[in-house]
1. Roughly how many debye, to the nearest 20, is the charge dipole of the chain about its Cα centre, given +1 on each Lys and Arg Cβ, -1 on each Asp and Glu Cβ, and no other charges?
2. With angles folded into 0 to 90 degrees, how steeply does helix 3-30 sit against the dominant principal axis of the chain? Use alpha carbons for both and round to 10.
3. So what's the angle, to the nearest 10 degrees on a 0 to 90 scale, between helix 36-64 and the longest Cα principal axis of the chain?
Amino acid sequence: MADADLDAARRAFADLTGLLEDAALAASTGQGVNNLDEGRRRFKRLSTTMHRIQRRLSILEGHLQ
């Protein structure tokens, strides 16, 4: 694997790690939901973060192949 590809894979993995931390934070704050509207907002935030994670995983997979 070329150095540039390895660096790109490292960056993608670092981005993914950050997104996983964001998802964990969103999930933990979502445990204190008091009403349905707040729950929907937190679910949307978590859903968006999970979608970003999925995209980053695809990018990482491409770099590793």
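We did not get these values from a lab; they are worked out from the coordinates using the rules stated. What you see is a predicted model, and the numbers here were worked out from it, not measured in a lab. Because the Cβ atoms are built from the backbone with ideal geometry, glycine has one as well, and the counts that use them run over all protein chains shown.
1. 380 debye
2. Rounded to the nearest ten degrees, it is 10.
3. 10 degrees
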